[in-house]
Amino acid sequence: MKEICVPLDDDLYRYLGFLEKLKLIRCKEEAVVAALRIFKKLNMQDWLPYVYRAGPERVLLVGQGMLNDIFNSMSETKLYDVARITALKRKILKPFDPELDLTEPRNWDVVLNELQNFGWGKFTREGSEIMVEFLGVPIIFLKGYLETLFRIEFGVHRTKMADVYVLKRERSRSEVWR
């Protein structure tokens, strides 16, 4: 492991101390390393003014209120259909490993990790059940997206905690579109 010494201005140092005091980080060094990993993961060295990229994807920073306005302007049926179209395009334009059988729950983590890395929410899988927290899109949109990729149907179950859902596998689907 290599080490470097980086001078920080007072504001950044106080901010790291604040995060440490709130126990949001264990130590200042951990936060700096995490920030550098995010910088690398998002290919931030390629970011230009007005154009932010994460690999081949363009990143748009949109306020949650604006995103909610867009989603709320659509019916649940329309949201579901748009999610399915998005998933089909994802499979065609940027396919996952062709050897990867996404109908198998053990392979779902590839998709769930990608969604988590892109800020869709937090996903915890236990067998063929997925717990969803901090969701950035409506649950019906996520349901349509995952059902299309995994070729199954999910039942959506709310938990006692606000905005926490469990998607439970109900049955497989052979058709891609209904």
Is at least one residue of region 45-58 outside the structural domain of Gly121 (by TED's automatic domain parsing), of a type in the set (Gly, Ala, Ser) and in contact (Cβ under 8 Å) with a residue 12 or more places away in the chain?
yes
Look at Pro138 and say whether it is surrounded by 12 or more Cβ atoms within 10 Å (Cβ to Cβ), under 27 Å from Asp69 (Cβ atoms) and not aliphatic (A, V, I, L, M).
yes
Looking at Arg58, Arg26, Arg53, Arg37 in this structure, which one is of a type in the set (D, E, K, R) and surrounded by 12 or more Cβ atoms within 10 Å (Cβ to Cβ)?
Arg53
Among the residues listed as Phe18, Phe71, the single one being in a helix (DSSP H, G or I), at negative phi, outside the structural domain of Ile139 (by TED's automatic domain parsing) and of a type outside the set (Ser, Thr, Tyr):
Phe18
Before we move on, is Val82 over 30 Å from Glu147 (Cβ atoms), assigned to a helix (DSSP H, G or I) and either outside the structural domain of Leu149 (by TED's automatic domain parsing) or touching a helix residue (DSSP H, G or I) at 6+ places or on another chain (Cβ under 9 Å) (or both)?
no
Name the residue that is modelled with the lowest pLDDT, counting only residues in region 90-144 that are over 17 Å from the mean Cα position of the chain (by Cα) and in a helix (DSSP H, G or I).
Leu93
Scan region 153-173 and give yes if some residue there is in contact with a Ser or Thr (Cβ under 6 Å, 6 or more places away or on another chain) and modelled with pLDDT of 90 or more, otherwise no.
yes
Log entry, pairs with first residue in region 149-170 being of a type in the set (Gly, Ala, Ser), second being part of a strand (DSSP E or B), beta carbons closer than 7 Å, six or more apart or on different chains, reads Gly155/Lys168; Gly155/Glu170
In the list Leu142, Leu112, which residue meets the criterion of being outside the structural domain of Arg37 (by TED's automatic domain parsing) and touching a Phe, Trp or Tyr at 6+ places or on another chain (Cβ under 6 Å)?
Leu112
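The values are calculated or read from the model by the stated rules, or taken from the named source; none is laboratory data. Keep in mind that what you see is a predicted model, and the values were worked out from it rather than measured. All Cβ positions, glycine included, derive from the backbone under ideal geometry; neighbour counts span all protein chains shown.
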